[in-house]
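Notes follow the structure.
Taken together, the values in this text are just the output of simple stated rules run on the coordinates, not laboratory data. Since the structure is predicted, the reported quantities are computational estimates derived from the model, not experimental observations. Reconstructed Cβ throughout: ideal geometry from the backbone, glycine too, with neighbour counts over all protein chains shown.
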Amino acid sequence: MILIRNATLLDPATGSLTESASVVVEGERIREVSAGTINVSATLTLDAGGRTLMPGLIDSHVHVFLSEVNIRALEAIPLTLMTARGAGLMRAMLDRGFTTVRDTGGADWGIREGVAQGHVPGPRLFVAGRPIGQTSGHSDSRRRTDTGSPCHCCNALAFTAGVADGVDEVRRAVREQLRQGVDHIKIMASGGVASPYDPLESLQYTTDEIRAAVEEAAVFKKYVCAHAYAAQAIARAVENGVRVIEHGNLIDAATAKLMASRGAFLVPTLVAYDAIERHGGRWGMSADSLEKNKVVMAAGLRSLELAREAGVRMAFGSDLLGQLQPDQSREFSIRAKVLSPLDIIRSATVVGAELLGLPGELGTITPGAFADLLIVDGNPLRDLSLLEGQGEHLSMIMKAGALYRNRLRGS
């Protein structure tokens with residue numbers, strides 16, 4: 001049992017700060033929370049020294065297996081090296097205070113279980129397995145000179161994306177991912193930045209194919225998320241049952257209102273375009289992709305405004321590839337150009353938990369919740385930069401009751 005005392009407790013749901021608060025952790029969960037002193041026989045007592053105690057962060061769009069900015073380079077990487085690289089990327093995420101992440105393409109049940117069983121340190125993982133797209137779409141990684149599909153057993157690029165065409169193939173592909181124990185299904189509903197051949201505005205998957213994916217996911221009580229940029233692609237996905245839209249940069253006001261009315265989530269990933277603009281060419285991203293990146297980057301902040309005005313729930317996402325992943329926490333300062341610090345912190349705690357279907361268990365410091373806790377050297381509501389960088393301002397990181405980092409005085 002661990003007692004944390006003398007903390008300034010930040011509640012992201014209300015934005016309130018409670019000084020001299022105490023929290024008792026027993027096992028993986030929070031046992032008790034008090035605005036004052038708690039008298040308990042603890043194995044370890046930690047004095048927060050008045051620092052801010054807040055829930056662990058949730059990144060709702062990561063790729064732990066995409067370890068190259070130039071994703072074509074993954075063709076030459078075996079699955080063993082892919083996994084080893086992923087382990088390093090996950091440790092760095094935990095260092096930054098992300099105790100839970102949602103992988104939206106690539107990570108499978110194996111790496112999720114590796115983390116859960118303690119073999120690999122990292123955030124709690126929710127995985128999509130192989131994202132599913134059409135021939136010529138965002139998940140079709142073949143060159144124009146390729147005539148067949150490569151075996152995914154020894155090719156990291158083939159392992160992390162799949163192609164299915166027509167209602168029957170889509171159903172089969174979704175069912176296979178469900179058999180593999182995924183937490184959600186990812187489909188590609190429009191063109192993308194990293195895929196060289198498909199225009200951003202392209203509409204990918206028919207309404208029948210989208211509905212087929214949603215129907216099959218629902219059988220296992222899972223949901224579908226969709227990569228989508230253009231407003232028409234977003235609307236078509238949401239109208240056919242997609243629950244979460246990834247990116248959404250080219251959304252319009254009418255589509256934002258549609259999302260809000262259907263209760264759909266949006267996961268903006270503005271830091272990805274910022275990082276690609278600054279470093280993508282250096283790491284081998286193609287000229288075509290860099291041009292497409294300029295289009296979505298220019299529309300990014302406006303998409304946040306439209307979603308906010310419509311009342312769309314927005315979760316925190318980063319979507320960084322490979323060498324760009326150290327910029328993960330930069331998303332906080334980019335969103336701060338449009339959104340308040342409290343709204344941004346909520347996106348990385350309360351809203352992320354709602355998206356994952358675990359409100360009251362993640363993103364909160366309440367009895368019964370998972371003991372995913374951060375102690376910040378200052379007040380992030382006043383200075384969001386305390387949550388940026390590589391975790392330099394985090395004196396304590398706890399995941400499921402286990403201390404990953406502790407610089408506090410204990411007794």
How big is the gap, in Å, between the Cα center of region 346-387 and the Cα center of region 79-123?
-> 20 Å
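Taking the Cα centre of region 57-355 as origin and charging only Cβ (+1 Lys, Arg; -1 Asp, Glu), how large is the dipole, in debye to the nearest 20?
Working: 34 positive and 34 negative charges, 100 e Å.
Using only the charged Cβ atoms, the result is roughly 480 debye.
So between Ala260 and Val167, what do we pick up on full extension, going 0.36 nm a residue minus the alpha carbon distance?
Roughly 30.7 nm would be gained on extension.
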Of the candidates Leu66, Gly357, Val40, the farthest towards the positive dipole end of the chain (Lys/Arg Cβ +1, Asp/Glu Cβ -1, centred on the Cα centre) is Val40
How big is the C-alpha Rg of region 1-107 next to the rule-of-thumb value 2.2 N^0.38 Å, as a ratio?
-> 1.47
If you take the Cα Rg of region 164-224 and divide it by 2.2 N^0.38 Å, with N the number of residues, what do you get?
-> 1.16
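Can you tell me which of 47-53, 183-189 comes out highest on packing, and rank the rest after it, using the mean Cβ neighbours within 10 Å?
On the way: 47-53: 18.9, 183-189: 27.0.
Put in order of decreasing packing, that is 183-189, 47-53.
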Filtering trypsin sites (Lys or Arg not before Pro) in region 308-411 by DSSP loop and by at most 15 other Cβ atoms within 10 Å leaves Lys337, Arg382, Arg407
DSSP beta bridges in the chain [antiparallel fraction, %, rounded to 5] = 45 percent
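Based on the Kirkwood radius over alpha-carbon pairs, what is the Stokes-Einstein translational diffusion coefficient of region 348-402 at 10 °C with 1.306 mPa s viscosity, in µm²/s? Don't skip to the answer; put the middle values down first.
On the way: Rh = 12.1 Å.
For these conditions, the coefficient is 131 µm²/s.
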Translational D in µm²/s for region 271-370 (Stokes-Einstein at 25 °C, 0.890 mPa s, Kirkwood Rh from C-alpha pairs) = 164 µm²/s
Which residues make up the longest stretch of the chain clear of GluC sites (Glu not before Pro) that lie in a DSSP loop with no more than 14 other Cβ atoms within 10 Å, not counting the sites?
-> 202-391
Chain lengthening between Asn70 and Lys221 when straightened (0.36 nm per residue, less Cα-Cα) | 50.9 nm
Excluding Pro121 itself, what net charge comes from residues whose Cβ is under 15 Å from its Cβ, given Lys and Arg +1 and Asp and Glu -1?
-> +4
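Can you give the extra length, in nm with one decimal, that the chain gains between Asn39 and Glu309 once fully stretched, where that is 0.36 nm per residue apart less the Cα-Cα distance? Before the final figure, lay out the partial values.
Numbers: separation 270, 0.36 × 270 = 97.20 nm, distance 4.59 nm.
That works out to 92.6 nm of additional length.
Counting residues in region 57-355 as N, plug N into 2.2 N^0.38 Å and put the Cα Rg over that result. Could the numbers behind the result be given before it?
Numbers: Rg = 17.3 Å, N = 299, 2.2 N^0.38 = 19.2 Å.
Normalised Rg, Cα atoms only: 0.90.
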